[in-house]
Amino acid sequence: MTRQTIVAANWKMNGDSKLILEMSEALNALTLKNKQVIVCPSAPYLANAVSVFSNQDIAIGAQNANEHDKGAYTGEVSALMLKDLQVQYVILGHSERRAIYGESSELVADKVAHVLGHGLTAILCIGETESERENGETETVLKSQLDPVINQIGIQAFENVVVAYEPVWAIGTGKTASSEIAQQTHEFIRGYLASFDTDIANTTAILYGGSVNAGNCQELFSQADIDGGLIGGASLKIEEFSNICSAE
Ligand code: PGA
(Lines give C-alpha, C1' and ligand atoms only; values in the text may rest on other atoms or scores of the structure.)
Protein backbone atom coordinates (compact mmCIF):
# COMPACT_ATOMS: atom_id res chain seq x y z
CA MET A 1 0.00 0.00 0.00
CA THR A 2 1.57 3.30 -1.01
CA ARG A 3 0.60 6.32 0.96
CA GLN A 4 1.84 9.79 0.16
CA THR A 5 4.51 11.07 2.54
CA ILE A 6 3.45 14.13 4.53
CA VAL A 7 5.87 16.55 6.16
CA ALA A 8 4.08 19.06 8.39
CA ALA A 9 5.76 22.01 10.10
CA ASN A 10 4.31 22.86 13.51
CA TRP A 11 5.71 26.31 14.23
CA LYS A 12 3.89 26.51 17.59
CA MET A 13 4.02 30.11 18.97
CA ASN A 14 7.06 30.96 16.84
CA GLY A 15 7.77 32.49 13.45
CA ASP A 16 6.71 35.66 11.71
CA SER A 17 6.01 37.07 8.25
CA LYS A 18 9.75 37.13 7.48
CA LEU A 19 10.06 33.39 8.17
CA ILE A 20 7.00 32.73 5.98
CA LEU A 21 8.63 34.54 3.05
CA GLU A 22 12.05 32.95 3.53
CA MET A 23 10.59 29.46 3.96
CA SER A 24 8.47 29.91 0.86
CA GLU A 25 11.53 30.88 -1.19
CA ALA A 26 13.60 27.99 0.15
CA LEU A 27 10.88 25.38 -0.44
CA ASN A 28 10.19 26.77 -3.90
CA ALA A 29 13.71 25.80 -4.89
CA LEU A 30 13.08 22.13 -4.02
CA THR A 31 11.47 19.37 -6.05
CA LEU A 32 9.04 17.72 -3.66
CA LYS A 33 8.52 14.27 -5.09
CA ASN A 34 5.26 12.60 -4.08
CA LYS A 35 5.29 14.51 -0.83
CA GLN A 36 2.72 16.83 0.73
CA VAL A 37 4.33 19.64 2.71
CA ILE A 38 2.11 21.50 5.18
CA VAL A 39 3.16 24.66 7.02
CA CYS A 40 1.26 25.44 10.24
CA PRO A 41 2.07 28.93 11.52
CA SER A 42 0.39 30.75 14.42
CA ALA A 43 -3.20 31.87 13.77
CA PRO A 44 -2.42 35.58 13.07
CA TYR A 45 -0.17 34.54 10.15
CA LEU A 46 -2.52 32.08 8.46
CA ALA A 47 -3.93 34.50 5.86
CA ASN A 48 -0.45 35.72 5.02
CA ALA A 49 0.87 32.16 4.70
CA VAL A 50 -2.05 31.13 2.44
CA SER A 51 -1.25 34.05 0.17
CA VAL A 52 2.56 33.66 0.16
CA PHE A 53 2.44 29.89 -0.51
CA SER A 54 -0.48 30.13 -2.97
CA ASN A 55 1.60 29.37 -6.07
CA GLN A 56 3.39 26.43 -4.47
CA ASP A 57 2.19 22.92 -3.89
CA ILE A 58 2.31 23.52 -0.14
CA ALA A 59 -0.74 23.46 2.09
CA ILE A 60 -1.36 25.63 5.12
CA GLY A 61 -2.56 24.27 8.43
CA ALA A 62 -3.75 25.83 11.69
CA GLN A 63 -2.60 24.62 15.10
CA ASN A 64 -6.03 24.51 16.74
CA ALA A 65 -9.70 25.28 16.17
CA ASN A 66 -12.62 25.84 18.49
CA GLU A 67 -15.43 23.27 18.64
CA HIS A 68 -18.06 25.92 17.78
CA ASP A 69 -18.61 27.81 14.52
CA LYS A 70 -19.04 31.25 16.07
CA GLY A 71 -20.18 33.04 19.18
CA ALA A 72 -18.97 34.52 22.45
CA TYR A 73 -15.64 32.67 22.72
CA THR A 74 -13.12 35.48 23.12
CA GLY A 75 -9.74 34.70 21.63
CA GLU A 76 -10.86 31.59 19.77
CA VAL A 77 -10.75 30.70 16.07
CA SER A 78 -13.32 28.45 14.38
CA ALA A 79 -13.01 25.86 11.63
CA LEU A 80 -15.53 27.95 9.68
CA MET A 81 -13.09 30.88 9.73
CA LEU A 82 -10.17 28.65 8.77
CA LYS A 83 -12.17 27.32 5.82
CA ASP A 84 -12.89 30.91 4.77
CA LEU A 85 -9.13 31.64 4.84
CA GLN A 86 -8.48 28.57 2.62
CA VAL A 87 -6.60 26.77 5.34
CA GLN A 88 -6.68 23.03 4.54
CA TYR A 89 -5.40 21.26 7.66
CA VAL A 90 -5.85 21.73 11.42
CA ILE A 91 -3.60 20.21 14.07
CA LEU A 92 -5.82 19.01 16.93
CA GLY A 93 -5.09 17.42 20.28
CA HIS A 94 -1.42 18.37 20.37
CA SER A 95 0.06 17.24 23.68
CA GLU A 96 0.78 20.88 24.60
CA ARG A 97 -2.94 21.66 24.20
CA ARG A 98 -3.85 18.57 26.21
CA ALA A 99 -1.34 19.28 29.00
CA ILE A 100 -1.33 23.10 29.22
CA TYR A 101 -4.93 23.86 28.23
CA GLY A 102 -6.55 20.74 29.65
CA GLU A 103 -8.07 19.50 26.38
CA SER A 104 -9.66 16.09 26.88
CA SER A 105 -9.86 13.45 24.16
CA GLU A 106 -13.65 14.04 24.09
CA LEU A 107 -13.16 17.76 23.41
CA VAL A 108 -10.57 16.92 20.76
CA ALA A 109 -13.13 14.59 19.12
CA ASP A 110 -15.67 17.47 19.08
CA LYS A 111 -13.07 19.63 17.38
CA VAL A 112 -12.26 16.90 14.85
CA ALA A 113 -15.98 16.62 14.04
CA HIS A 114 -16.18 20.35 13.45
CA VAL A 115 -13.08 20.52 11.32
CA LEU A 116 -14.26 17.60 9.14
CA GLY A 117 -17.71 19.13 8.95
CA HIS A 118 -16.17 22.11 7.18
CA GLY A 119 -14.25 19.98 4.72
CA LEU A 120 -10.84 20.46 6.35
CA THR A 121 -8.43 17.67 7.23
CA ALA A 122 -7.55 17.13 10.89
CA ILE A 123 -4.05 16.20 12.01
CA LEU A 124 -4.95 14.31 15.18
CA CYS A 125 -2.07 14.13 17.65
CA ILE A 126 -1.88 11.23 20.06
CA GLY A 127 0.92 9.98 22.28
CA GLU A 128 1.87 8.68 25.68
CA THR A 129 3.97 10.29 28.40
CA GLU A 130 7.24 8.81 29.60
CA SER A 131 5.67 7.31 32.72
CA GLU A 132 2.80 5.84 30.73
CA ARG A 133 5.32 4.09 28.45
CA GLU A 134 7.36 2.88 31.43
CA ASN A 135 4.20 1.49 33.04
CA GLY A 136 3.27 -0.40 29.88
CA GLU A 137 0.22 1.81 29.26
CA THR A 138 1.12 3.08 25.79
CA GLU A 139 -1.49 1.06 23.88
CA THR A 140 -4.27 1.82 26.37
CA VAL A 141 -3.49 5.53 26.20
CA LEU A 142 -3.42 5.59 22.39
CA LYS A 143 -6.73 3.72 22.20
CA SER A 144 -8.28 6.12 24.71
CA GLN A 145 -7.21 9.03 22.49
CA LEU A 146 -8.56 7.43 19.29
CA ASP A 147 -11.79 6.00 20.71
CA PRO A 148 -13.71 9.28 21.24
CA VAL A 149 -13.20 10.14 17.54
CA ILE A 150 -14.31 6.65 16.45
CA ASN A 151 -17.28 6.67 18.85
CA GLN A 152 -18.43 10.15 17.98
CA ILE A 153 -17.84 10.28 14.21
CA GLY A 154 -17.20 6.68 13.21
CA ILE A 155 -14.14 5.08 11.66
CA GLN A 156 -14.96 6.96 8.40
CA ALA A 157 -13.55 10.04 10.15
CA PHE A 158 -10.10 8.70 9.29
CA GLU A 159 -10.76 9.26 5.58
CA ASN A 160 -10.07 12.92 6.45
CA VAL A 161 -7.83 12.57 9.47
CA VAL A 162 -4.06 12.29 9.47
CA VAL A 163 -2.82 10.72 12.71
CA ALA A 164 0.34 12.15 14.27
CA TYR A 165 1.91 9.82 16.81
CA GLU A 166 3.98 12.04 19.08
CA PRO A 167 5.36 10.40 22.22
CA VAL A 168 5.26 13.24 24.75
CA TRP A 169 8.72 12.29 26.06
CA ALA A 170 10.19 12.92 22.60
CA ILE A 171 8.68 16.35 21.96
CA GLY A 172 11.22 19.15 22.10
CA THR A 173 13.55 16.98 24.18
CA GLY A 174 15.98 15.79 21.53
CA LYS A 175 15.03 12.22 22.60
CA THR A 176 13.62 10.75 19.40
CA ALA A 177 11.89 7.38 19.62
CA SER A 178 14.11 4.81 17.91
CA SER A 179 12.84 3.85 14.49
CA GLU A 180 11.98 0.40 15.93
CA ILE A 181 9.87 1.82 18.76
CA ALA A 182 8.22 4.31 16.42
CA GLN A 183 7.47 1.63 13.80
CA GLN A 184 6.10 -0.78 16.45
CA THR A 185 3.78 1.90 17.78
CA HIS A 186 2.65 3.00 14.31
CA GLU A 187 1.94 -0.64 13.49
CA PHE A 188 -0.17 -0.88 16.62
CA ILE A 189 -2.11 2.28 15.68
CA ARG A 190 -2.74 1.03 12.13
CA GLY A 191 -3.75 -2.37 13.48
CA TYR A 192 -6.20 -0.76 15.88
CA LEU A 193 -7.79 1.25 13.05
CA ALA A 194 -7.85 -1.95 10.97
CA SER A 195 -9.86 -3.70 13.67
CA PHE A 196 -12.66 -1.30 12.59
CA ASP A 197 -11.92 -1.02 8.84
CA THR A 198 -8.92 -2.41 6.98
CA ASP A 199 -9.21 -0.19 3.91
CA ILE A 200 -9.36 2.96 5.99
CA ALA A 201 -6.43 1.78 8.13
CA ASN A 202 -4.35 1.12 5.00
CA THR A 203 -4.96 4.57 3.56
CA THR A 204 -4.66 6.63 6.77
CA ALA A 205 -1.40 8.55 6.97
CA ILE A 206 0.31 8.12 10.34
CA LEU A 207 3.04 10.70 10.97
CA TYR A 208 5.73 10.48 13.61
CA GLY A 209 6.53 13.57 15.68
CA GLY A 210 9.06 14.25 18.43
CA SER A 211 12.55 15.62 17.84
CA VAL A 212 12.56 14.78 14.12
CA ASN A 213 15.48 16.44 12.36
CA ALA A 214 17.36 16.26 9.07
CA GLY A 215 19.64 13.58 10.51
CA ASN A 216 17.01 11.09 11.68
CA CYS A 217 14.08 11.70 9.32
CA GLN A 218 15.22 9.38 6.56
CA GLU A 219 15.37 6.32 8.78
CA LEU A 220 12.07 7.16 10.46
CA PHE A 221 10.22 7.89 7.20
CA SER A 222 11.47 4.65 5.62
CA GLN A 223 9.62 2.50 8.19
CA ALA A 224 6.64 0.63 6.75
CA ASP A 225 4.00 2.35 8.87
CA ILE A 226 5.55 5.81 9.17
CA ASP A 227 4.14 8.11 6.51
CA GLY A 228 6.11 11.26 7.30
CA GLY A 229 6.49 13.60 10.22
CA LEU A 230 5.10 16.45 12.27
CA ILE A 231 8.12 18.64 12.87
CA GLY A 232 8.42 21.25 15.62
CA GLY A 233 11.79 22.85 16.42
CA ALA A 234 13.51 21.74 13.20
CA SER A 235 10.73 23.25 11.06
CA LEU A 236 11.77 26.75 12.12
CA LYS A 237 15.24 26.31 10.63
CA ILE A 238 15.07 26.90 6.90
CA GLU A 239 17.93 24.68 5.79
CA GLU A 240 17.08 21.88 8.18
CA PHE A 241 13.42 21.85 7.23
CA SER A 242 14.32 21.98 3.52
CA ASN A 243 16.49 18.91 4.04
CA ILE A 244 13.67 17.10 5.82
CA CYS A 245 11.32 17.93 2.94
CA SER A 246 13.88 16.61 0.46
CA ALA A 247 14.45 13.32 2.32
CA GLU A 248 13.62 10.29 0.15
P1 PGA B 1 9.63 18.81 18.15
O2 PGA B 1 8.04 19.05 18.24
O3 PGA B 1 9.91 18.39 16.71
O4 PGA B 1 10.25 20.12 18.50
O5 PGA B 1 9.96 17.73 19.11
C6 PGA B 1 7.13 18.23 17.55
C7 PGA B 1 5.72 18.67 17.89
O8 PGA B 1 5.48 19.06 19.03
O9 PGA B 1 4.83 18.62 17.02
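Would you mind stating whether residue 188 is buried (at least 18 other Cβ atoms within 10 Å of the Cβ), of a type outside the set (Ser, Thr, Tyr), more than 10 Å from the ligand (Cβ to nearest atom) and assigned to a helix (DSSP H, G or I)?
No: the conditions fail for residue 188.
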Residue 157 vs (1) more than 21 Å from residue 192 (Cα to Cα); (2) touching a helix residue (DSSP H, G or I) at 6+ places or on another chain (Cβ under 7 Å); (3) open to solvent by less than 10 Å² (accessible area, probe 1.4 Å): all pass except (1)
Segments classed as strands (runs of 3 or more DSSP E), wholly inside segment 1-90, with at least 3 members that are open to solvent by less than 80 Å² (accessible area, probe 1.4 Å) and of a type in the set (Val, Ile, Thr)
5-10, 35-40
Enumeration of residues in segment 218-246 that are more than 23 Å from residue 62 (Cβ to Cβ) and in contact (Cβ under 8 Å) with a residue 60 or more places away in the chain
221, 239, 246
Let me spell it out: the conditions are (1) away from the ligand (no atom under 16 Å from the Cβ); (2) within 22 Å of residue 95 (Cα to Cα); (3) not in a helix (DSSP H, G or I), and residue 163 meets all of them except one. Which number is the exception?
(1)
Given 244, 226, which one is within 16 Å of the ligand (Cβ to nearest atom), open to solvent by less than 20 Å² (accessible area, probe 1.4 Å) and in a loop (DSSP other than H, G, I, E, B)?
226
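The values are calculated or read from the model by the stated rules, or taken from the named source; none is laboratory data. Just so you know, these numbers come straight off a predicted model, no measurement behind them. Using ideal geometry, Cβ is built from the backbone for each residue, glycine included, and neighbour counts are taken over all protein chains shown. What goes into the accessible areas is simple: the full protein's heavy atoms, side chains included, and nothing from ligands, DNA or RNA. Shrake-Rupley method; radii C 1.70, N 1.55, O 1.52, S 1.80 Å.
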